[in-house]
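Q: My structure is below; once you've seen it, I'll send some questions.
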Amino acid sequence: MNAVGIDVSKRKSTVAILRPGGEVVASPFDVPHLSGCFQPLIQHIRALNGPTRIVMECTGRYYEPVARQLSQAGFFVCAVNPQIIHGFQGQDNPLRRVKTDKADSIKIARYTLDNWANLKQYTLMDELRTQLKTMNRQFDFYMKHKTAMKNNLIGLIDLAYPGANTYFDSPAREDGSQKWVDFLDTYWHVDCVRKMSCNAFTLHYQKWCCRKKYNFSRLKAEEIYETAKELIPVLPKDDFTKRIIKQAIQQLNAASQTVEQLRILMNETAAKLPEYPIVMAMKGVGPSLGPQLMAEIGDVARFTHKGAITAFAGVDPGVNDSGDYSQKSVHVSKHGSPALRKTLYQVMDVLIKTKPDDPVYLFMDKKRAQGKPYYVYMTAGANKFLRIYYGRVKEYLASLPASE
């Protein structure tokens with residue numbers, strides 16, 4: 001048996017090859033992440049006698065090119081959670097902790113030998129799933145950017161037109177625009193409103209609603225005008241204030257537009273996956289959260305059982321027993337995907353707010369009625385949701401024709 005341990009970093013990987021009994025076939029050596037440098041490594045591994053298995057850590061995006069190249073070459077490749085490698089005691093002297101790329105590659109090779117029969121082969125994620133996952137990560141990035149831009153604009157408005165961001169609660173349009181942001185783009189200072197008479201402002205506001213295609217309410221216009229007369233701005237109505245508020249609005253609109261475009265694109269991409277209909281039929285999942293779930297979970301066929309998918313998400317319950325001692329309440333592992341956990345909690349939040357006739361909501365409501373803390377019943381609901389997701393999707397995929 002040839003155990004190939006690869007410690008992956010950003011621009012290079014360190015490779016070590018061991019055999020049972022501590023025999024060193026190849027001392028640790030570096031392989032740059034260049035197409036020409038992988039060919040000598042592939043030829044060297046092919047020249048080995050006996051079965052060969054390659055193991056590496058799932059380190060962000062860095063391991064994907066290495067795993068793809070070696071898997072396409074026909075080798076058995078396994079990508080292992082870094083937490084598993086970290087907890088593996090494969091050193092000659094565990095009291096002396098050595099943390100180098102060479103030492104890590106040897107440790108991974110030893111892990112390969114010790115867990116030879118339990119290794120799961122890495123399957124090449126098809127291009128569609130890779131694109132969807134990349135979109136989701138970009139979506140998460142721009143959502144954070146949008147939140148920062150929104151908070152920045154509200155902070156500026158509190159100095160020029162306090163409370164104007166609370167006038168409207170209309171949802172965002174398909175292009176990402178929001179009524180309160182468009183309102184501030186025109187009435188960026190409180191003096192833009194109260195310097196006019198009530199009738200003049202009402203007429204101006206009506207024309208603005210017609211131009212922007214928003215619903216007009218005379219009572220709302222009068223309410224805005226009466227409120228504006230009582231406000232105390234900090235920043236004066238001048239070119240400087242107008243410039244910084246307009247810039248903040250442009251940045252927020254740009255981020256909002258990107259978010260909505262990604263949301264639509266993710267839904268269109270996810271619709272091409274075979275499990276799309278069954279996932280979208282689940283309660284709490286819509287055109288935004290559904291594609292995010294499919295992006296982070298990937299192909300359910302790579303999970304051997306329900307416990308594997310909950311462990312991947314990090315919502316599996318912990319166990320702490322020793323002798324006669326048995327801890328009743330243990331924190332979840334949180335060793336899995338934080339992006340998937342975030343999406344699961346958003347789904348649970350939708351269920352809590354909509355209160356559908358759904359087993360997951362009823363389970364959470366039961367836990368909540370028992371006095372369980374918020375994060376306890378939310379995590380328990382996420383665990384149950386994932387198990388149902390796994391069962392439904394796997395059963396649905398098995399029922400599809402082989403061609404699909």
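Q: Let's test the formula: R0 of 25 Å, r as the Cβ-Cβ distance of residue 354 and residue 276. What FRET efficiency results, to the nearest 0.05?
A: 0.75
Q: Using a 1.4 Å probe, what is the accessible area per residue for the chain, in Å²?
A: About 54 Å² of surface per residue is accessible.
Q: Moving on. In nm, what is the difference between 0.36 nm times the number of residues separating residue 299 and residue 243 and their Cα-Cα distance?
A: Using 0.36 nm per residue and subtracting the Cα-Cα distance, I get 15.3 nm.
Q: Roughly speaking, what is the centre-to-centre gap between the range 191-209 and the range 225-247 when only Cα atoms are used, to the nearest Å?
A: If we compute the Cα centre of each part, the gap is 15 Å.
Q: Students often forget the sequence filter, so: which aspartates and glutamates lie under 13 Å Cα-Cα from residue 272 once same-chain residues fewer than 8 apart are removed?
A: 126, 127, 404
Q: Report the extension gain between residue 264 and residue 117 in nm, rounded to one decimal, defined as 0.36 nm multiplied by the number of residues separating them, less their alpha carbon distance.
A: So the chain would gain 48.6 nm between residue 264 and residue 117.
Q: Same structure, new question: Based on DSSP H runs of at least 4 residues, each adding -39500 (n - 2.57), what is the mean residue ellipticity at 222 nm of the chain after dividing by all its residues, to the nearest 500 deg cm²/dmol?
A: -18000 deg cm²/dmol
Q: Still on this structure, please answer the following. Give me the lysines in straight-line cross-link reach of residue 366: C-alpha distance below 25 Å, same-chain residues under 8 apart excluded.
A: Within reach: 283, 306, 328, 334, 342, 353, 355, 384.
Q: Using the Cα gyration tensor of the range 94-221, with a ≥ b ≥ c the square roots of its eigenvalues, what is the shape: rounded (a/c below 1.5), prolate (a/b larger than b/c) or oblate (neither)?
A: Prolate.
Q: A follow-up question, please. Could you tell me which of the pairs 207/237; 146/237; 120/367; 10/246 are separated by over 31 angstrom between their Cα atoms in the structure shown?
A: Beyond 31 Å between Cα atoms: 120/367; 10/246.
Q: Shifting gears a bit: Roughly how tilted is helix 35-46, in degrees to the nearest 10 and between 0 and 90, from the longest Cα axis of the chain?
A: 30
Q: Quick check: the distance between the Cα centres of the range 113-178 and the range 344-404, to the nearest angstrom?
A: Between the Cα centre of the range 113-178 and that of the range 344-404, the gap is 22 Å.
Q: Of all the accessible heavy-atom surface of the range 82-216, with the other protein chains kept in place and a 1.4 Å probe, what percent is carbon and sulfur?
A: Of the solvent-accessible surface of the range 82-216, carbon and sulfur hold 51 percent.
Q: Write down the percent of antiparallel bridges among all DSSP beta bridges whose residues are both part of the chain, to the nearest 5.
A: Of the beta bridges lying entirely in the chain, close to 60 percent run antiparallel.
Q: Put a dot 7 Å past each Cα toward the Cβ at residue 200 and residue 369; how far apart are the dots in nm?
A: 6.1
Q: Helix 338-354: angle to the longest alpha-carbon principal axis of the chain, degrees 0 to 90, nearest 10?
A: 50
Q: Here is a follow-up. Taking R0 as 60 Å, what's the FRET efficiency between residue 37 and residue 173 from their Cβ-Cβ distance, rounded to 0.05?
A: 0.75
Q: Please compute the length gained on full extension between residue 151 and residue 134, using 0.36 nm multiplied by the number of residues separating them and subtracting their Cα-Cα distance.
A: Stretched out fully, the residue 151 to residue 134 stretch lengthens by 3.5 nm.
The values are calculated or read from the model by the stated rules, or taken from the named source; none is laboratory data. Since this is a predicted model, take the numbers as computed values, not measurements. Every residue, glycine among them, receives a Cβ derived from its backbone with ideal geometry; neighbour counts consider all protein chains shown. These area figures cover heavy atoms from the full protein model, side chains too; ligands, DNA and RNA do not enter into them. Shrake-Rupley method; radii C 1.70, N 1.55, O 1.52, S 1.80 Å.
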